[in-house]
1. Please enumerate the residues belonging to segment 227-249 that are touching a helix residue (DSSP H, G or I) at 6+ places or on another chain (Cβ under 6 Å), of a type outside the set (A, V, I, L, M) and under 15 Å from G346 (Cβ atoms).
2. Can you name the residue in segment 316-349 that is at pLDDT below 90 and more than 18 Å from the chain's Cα centre (by Cα) and, of all such residues, is surrounded by the most Cβ atoms within 10 Å (Cβ to Cβ)?
3. Just to verify a result, which residue in segment 250-278, among those that are of a type in the set (S, T, N, Q) and farther than 12 Å from G346 by Cβ, is modelled with the lowest pLDDT?
4. List pairs: first in segment 138-149 and under 12 Å from F321 (Cβ atoms), second among the aromatic types (F, W, Y), Cβ under 9 Å, 6+ apart or cross-chain?
5. Looking for whichever is more than 28 Å from K328 (Cβ to Cβ), among the basic types (K, R), in a loop (DSSP other than H, G, I, E, B) and over 23 Å from the mean Cα position of the chain (by Cα) here; the options are K87, K57. Which one fits?
6. What's the total number of residues in segment 301-315 that are surrounded by 16 or more Cβ atoms within 10 Å (Cβ to Cβ) and hydroxyl-bearing (S, T, Y)?
7. Out of everything in segment 140-158 that is among the charged types (D, E, K, R) and either at pLDDT below 85 or assigned to a strand (DSSP E or B) (or both), what residue ends up being farthest from V196 (Cα to Cα)?
8. Of all residues being part of a loop (DSSP other than H, G, I, E, B) and of a type in the set (S, T, N, Q) in segment 342-378, which is nearest to A304 (Cα to Cα)? Just the residue, please.
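The values are calculated or read from the model by the stated rules, or taken from the named source; none is laboratory data. Everything numeric here is computed off the predicted structure, so don't read it as measured data. Neighbour counts are summed over all protein chains in view; Cβ atoms, including those assigned to glycine, are modelled from backbone coordinates with ideal geometry.
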Amino acid sequence: MIDLWKEWVGRRWNAEARFLNLERMNEDEWLKRHRLLSPASPDAKKEPQVVFKIASKLKPEVETISLAHNNLVSGAMMTTLAHYLPKLANLSLEGNRLSGWKELDNISGRRGRLSQLRELVLVGNPIRELEYKNNRAQQYKSEIARRFPSLEILDGEPIARVGFDAPALSTSTSTRPHNMLSTFAFQMQPSLIAGVDGPMVSNFLGRYFPLYDQQRGALLDVYAPDATFSFSANTAIPPRARIEGIHVSKEFPNQRKLEWAPWLSGGLGGSRNLGRMTGSLQKVTQSLHLGGEQAVKAMADLPATRHDITGAPEKFCVDAFPIYQGEKPNLLVTVHGQFTELPSEGIRSFDRSFVLAVAPEGSRARQNDWQVMILSDQLVIRAYSSFEAWRPGPMRVQAGDLLPTPALLEVLSAVPKPQRYLMQDLILRTRLNLQYAEDCLKNNDWDLERAMANFEQVKANLPADAFLPENAFMS
């Protein structure tokens with residue numbers, strides 16, 4: 001049977017073009033003659049995996065695959081595509097019936113990302129055609145670009161990238177990657193900087209924050225004439241910080257010196273916390289600053305700060321990717337981190353979101369060597385909570401949650417991604433040892449929720465040595 005599949009794959013393989021043609025498989029007479037089930041059939045289970053595994057042995061390596069015109073309603077057949085062909089550069093899904101974003105999760109999601117995909121074709125699928133029909137073409141392109149950061153060509157057209165000229169040298173003092181905050185339901189993942197050169201982002205931030213700390217008036221150059229700026233203060237102490245006792249700890253003696261009044265009423269308009277403005281139109285209007293001059297004046301009226309951007313990089317996380325305003329791509333940059341407030345020397349956390357555009361020739365920003373100008377700047381100041389929130393791996397969100405010890409993490413590091421994260425999640429939820437956790441996931445097709453349901457059914461019959469000891473975890 002395997003020999004038959006190898007022969008069929010060979011018939012479909014163009015070594016010179018490094019192209020595997022898997023189009024119209026349901027109509028393939030050779031498969032029918034040899035009584036082989038089409039990998040594109042809704043009844044196919046192992047057939048796609050067999051084909052992709054055989055394809056992974058081809059020489060030279062497969063660069064392009066076409067799954068066009070296979071009447072695919074679900075993306076299930078692509079579940080193992082990234083596992084066997086992780087370096088795939090070009091993929092055509094033209095003329096299928098894929099209609100939901102979840103169908104692309106098999107090649108764009110955490111469990112099966114085609115991280116080096118350069119070109120994707122979705123023409124003829126409802127997921128694309130309906131978006132175009134409803135005048136949502138840009139939202140479609142943006143959604144695809146977000147899911148596939150490496151993508152350069154979509155449906156035969158270049159992906160619109162933010163057109164910055166990257167500098168030859170970065171002013172960033174650190175070459176270590178930042179870490180990106182993810183949703184609490186999943187493990188923290190590395191930073192996502194897509195659709196723009198990383199050095200451009202670090203250069204902007206590396207210049208912006210020292211000026212914000214030392215010479216806010218000089219920032220007038222980088223704000224567009226019609227830029228907007230606002231800030232809001234969240235005075236509540238985050239639950240995790242309260243659990244850890246940060247604000248009463250002797251390790252943070254200056255936290256008690258901090259006052260919220262300068263943030264709530266300062267900045268020539270006060271905090272723009274819309275949830276607390278209860279119909280005050282004047283307050284809403286005054287707290288949104290229009291134009292670069294008003295933005296800089298408002299910032300000058302806020303407390304002095306010190307952002308240690310040349311220190312430990314893990315204290316900050318950065319996320320950057322293109323967003324569209326009509327047909328024009330701009331850049332959204334979000335920063336999460338901490339700063340020291342002066343003169344108290346207390347620490348606060350912050351979130352800052354910039355919308356950036358290419359600085360036009362002749363603009364004030366370009367004349368002062370800024371590659372970009374700021375269209376929008378939103379600042380949120382929060383009570384300090386440690387940067388553990390975006391450390392890669394699991395995050396404790398309430399007292400009592402288990403975390404793995406460094407020793408357990410080291411053992412898990414030998415497991416390839418994405419299986420490593422699934423095993424870690426299962427182990428933290430069940431305390432199973434590595435062997436049993438792997439068996440449980442394998443027997444449930446690496447579906448975490450199915451594995452958990454399976455565990456609940458059999459846990460009473462498991463031997464004691466199926467579980468890790470207490471000292472394998474940090475409580």
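1. H247
2. Within segment 316-349, the match that is surrounded by the most Cβ atoms within 10 Å (Cβ to Cβ) is P329.
3. Our first condition is that a residue be of a type in the set (S, T, N, Q); within segment 250-278, this holds for 254-255, 265, 271, 273, 278.
Remaining after also requiring farther than 12 Å from G346 by Cβ: 265, 271, 273, 278.
Numbers: S265: 89, S271: 90, N273: 79, T278: 57.
Residue satisfying both the conditions and the ranking: T278.
4. Final answer for the pair search is S142/F321; S142/Y324; E143/W101; A145/F321; R146/F321; R147/W101; P149/F321.
5. Details: K87 fails: over 23 Å from the mean Cα position of the chain (by Cα).
Result of the check over K87, K57: K57.
6. So the answer is 1.
7. We begin by selecting, within segment 140-158, every residue among the charged types (D, E, K, R); these are 141, 143, 146-147, 152, 155, 157.
From the residues that got through so far, the ones that are either at pLDDT below 85 or assigned to a strand (DSSP E or B) (or both) too are 143, 146-147, 157.
Details: E143: 16, R146: 12, R147: 15, E157: 18 Å.
By that ranking, first place goes to E157.
8. Quick first cut of segment 342-378, residues part of a loop (DSSP other than H, G, I, E, B) only: 343-345, 359-363, 368-371.
Then keep just the ones that are of a type in the set (S, T, N, Q); that gives 344, 363, 368, 371.
Numbers: S344: 10, S363: 29, N368: 24, Q371: 26 Å.
Among residues in segment 342-378 that are part of a loop (DSSP other than H, G, I, E, B) and of a type in the set (S, T, N, Q), the one nearest to A304 (Cα to Cα) is S344.
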